[in-house]
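Read through the structure below, which is laid out as structure tokens, and then see the notes.
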Amino acid sequence: MYRRVGFSLGATTLAFALAVDTVSYVTARAQINTSVEQLLETESRYEVERMSTSLTSTVDAVAVLARSRLLSNALVDSDGRLAYVTPFLRDFQAGRSRKIGLSLVDFRGNAIATTRTDGAAPAIDASAASRLVEQGRPHAGIAGTRETPILVVAWPVLFPETQTAEGLLIAEFDARSVLHTMSAAAGHTTFPVLRVSDGSGHVLSTGGSDAPWDGMLSRSERVPVPDVLAPLGLQVEVGVPKFEAYKPLRYLALIYLAGTVAVVLAALGVARLVAERLTRPIRRLSGEAAHIADSARLDSGVTVEGRDEIAQLARSFNEMLLRLQLTTESRLSALREQNAELVRAHAAQRRLEEELHHAQKLEAVGRLASGIAHEINTPIQYIGDNTRFLADAVDSLSKALDGQRQELERVASAEALARIDRVGEDLDLPYVRTEAPRTVARTLEGVRRVATIVRAMREFSHPGESEPVAADINRSLEATLDVARNEYRYVADVVTELGQLPLVTCRPGDLNQVFLNVIVNAAHAIEDVVQGTDARGIIRVRTATDGDAVVIAISDTGGGIPPEVRGKVFEPFFTTKDVGRGSGQGLAIARSIVEAHGGTISFETMPGQGTTFRIRIPLAPPPPQPPQPPEHPEAPAAQAPAAAETRREP
């Protein structure tokens, strides 16, 4: 009997000790994992920021060098200036990047100056260099071998007067000096271990450590780089060997094991001494308590016998049952109410914070756009007026030269006229007289386009009115299309069919936001379809009157809305776009604005053909209680003929 009690108590103690040890071990392991994750996150952010700065400074230095007037002049007049180019390139430094060579090639791809002393040709051959000069765009790549990778940056050298590429500056750097990690820079191999790889998975720098990467707790992060380096897909990986990370756990396990053995042995010794006294009353108390637990009746109690510690424990147990019975229900009820209130308060606070953040962002962007448009407006007027003056002056000078020529032909000799003709040819006078009017005309067209954009920005970002005012919906749509031009110019053409509309009493700034959200969504839908091809989509904007309201229809030729998400498109924070491309609030905000005007917004979609959003706005202010949108609104019938206009972006 006593031996069984001792063994039982010893086994219970052992199980409890093992459970405590297991929980402690798991907790310690979780804490180590958390610490390692925080360390990897901190180190990866530091390395990404440092490497981004190094790459940016290197590319900027190459770009600045390529814009040197000495290089462009050497390409045009290599005999006179070539002697200064090689020393000029040799003195070039790009931060801590160790350069291997700088080469200046002409438009044929032939190197006319280089700093390489090993006699090797540039990393980009002549045909590829000639193509890059013809394209006039910078290029970057990784050359060399896996052991000695070379970062190659090719930048076009432009002739200042024509802004055309006349040659190419090829800069070759030791990739490891540009991408050196913290461990490599410090000269030792501590943990964490760092390495850098490109988009194809080739390792460019290991930070001086040869530790196997399979046994690592690691984190990888893309490096933000200038556009010319973006195709390389550089990323930083930070890792800590699992053997090193979990080394403290092995010592902790040994300590726990020794402690468990000591506790079990002590428990067995104590159990032998107290088993005879405690076994019987404890067993009776345990049985009665188990019966109460099985029956779930808190109004019953255990039998109290004697005045020893076990009897006192039984009386305390009965008192606990009574108090528990009295307080359980009230506390459970209060807890349920508090939990429900907390959930409601948290949801309301979250919505308020999101709406406030979005409103503050839109307000700041509006103020900034309005200020910029106002500042640009006056200089643009100066430029336009001066350019028109130059056009008139060029025309007057051309007429004066024609008159002088006629007079000279009448009074001057043939020899004098020949000398005058030679002077004109030396000064390219015929070319100037032909191209100057065209140049001025193109400048005026550019000024007109800038003025249109500025006017659209000023109208779109005008502060919202507290009260509804009479507004021209067609003009608001045109201003919104100008503002959103950058979203659709590369993927779609815009076709407008704007009918004759009366003035609408509304808040124009809010409706501009509705139009912008729908147009941007249409552009994104078309981009998802035509991306990677030469095809272009169509965004069609129609307006018409429908009784006492106006109807705006915005259609796209995108992929349509999938059936399974059509019921969620107007829900806040619902989006099918990638992270960073949409917040999921555009259509939710649009519906709230339209309903505040007493109108409705609906859509029709066909998979693979596109989507049409219809916005119906009443001509008069909305009643106190705005009407609910119909479930299946029909397409509005146009009441006035609309002239179609197509905007095709280059």
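The values are calculated or read from the model by the stated rules, or taken from the named source; none is laboratory data. This is a predicted model, so every value here is computed, not measured. Every residue, glycine among them, receives a Cβ derived from its backbone with ideal geometry; neighbour counts consider all protein chains shown. For the accessible areas, the whole protein counts, side chains as well, though only heavy atoms, and no ligand, DNA or RNA atoms are used. Shrake-Rupley method; radii C 1.70, N 1.55, O 1.52, S 1.80 Å.
Values for this structure:
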| read-out | value |
| --- | --- |
| Positions within segment 147-162 being touching a helix residue (DSSP H, G or I) at 6+ places or on another chain (Cβ under 7 Å) and surrounded by fewer than 17 Cβ atoms within 10 Å (Cβ to Cβ), in sequence order | F159, P160 |
| Boolean, L477 is open to solvent by less than 20 Å² (accessible area, probe 1.4 Å), at pLDDT 90 or above and of a type outside the set (V, I, T) | yes |
| Selection within segment 309-346 - without any contact (Cβ under 8 Å) to a residue 24 or more places away in the chain and hydroxyl-bearing (S, T, Y) | S316, T327, S330, S333 |
| Selection count, segment 539-557, where residues are of a type outside the set (G, A, S), out of contact with any Leu (no Cβ under 8 Å at 6 or more places or on another chain) and within 11 Å of R616 (Cβ to Cβ) | 2 |
| Some residue of segment 92-108 being more than 17 Å from L158 (Cα to Cα) and more than 37 Å from the chain's Cα centre (by Cα) | no |
| Of all residues making up segment 456-474, the number that are among the aliphatic types (A, V, I, L, M) and either surrounded by fewer than 14 Cβ atoms within 10 Å (Cβ to Cβ) or modelled with pLDDT under 75 (or both) | 4 |
| Any hit, segment 537-544, residues being over 20 Å from Q609 (Cα atoms) and over 30 Å from the mean Cα position of the chain (by Cα) | yes |
| Pick from segment 113-146, criterion among the acidic types (D, E) and part of a loop (DSSP other than H, G, I, E, B), ranking: surrounded by the fewest Cβ atoms within 10 Å (Cβ to Cβ) | D118 |
| Residue that is part of a helix (DSSP H, G or I) and surrounded by 14 or more Cβ atoms within 10 Å (Cβ to Cβ), where the choices are G424, G403 | G424 |
| Residues located in segment 28-56, provided they are surrounded by fewer than 15 Cβ atoms within 10 Å (Cβ to Cβ) and under 30 Å from P138 (Cβ atoms) | R45, Y46, E49, T53 |
| Failed condition for Y25, given (1) surrounded by 17 or more Cβ atoms within 10 Å (Cβ to Cβ); (2) of a type outside the set (A, V, I, L, M, F, W, C); (3) at pLDDT below 80 | (1) |
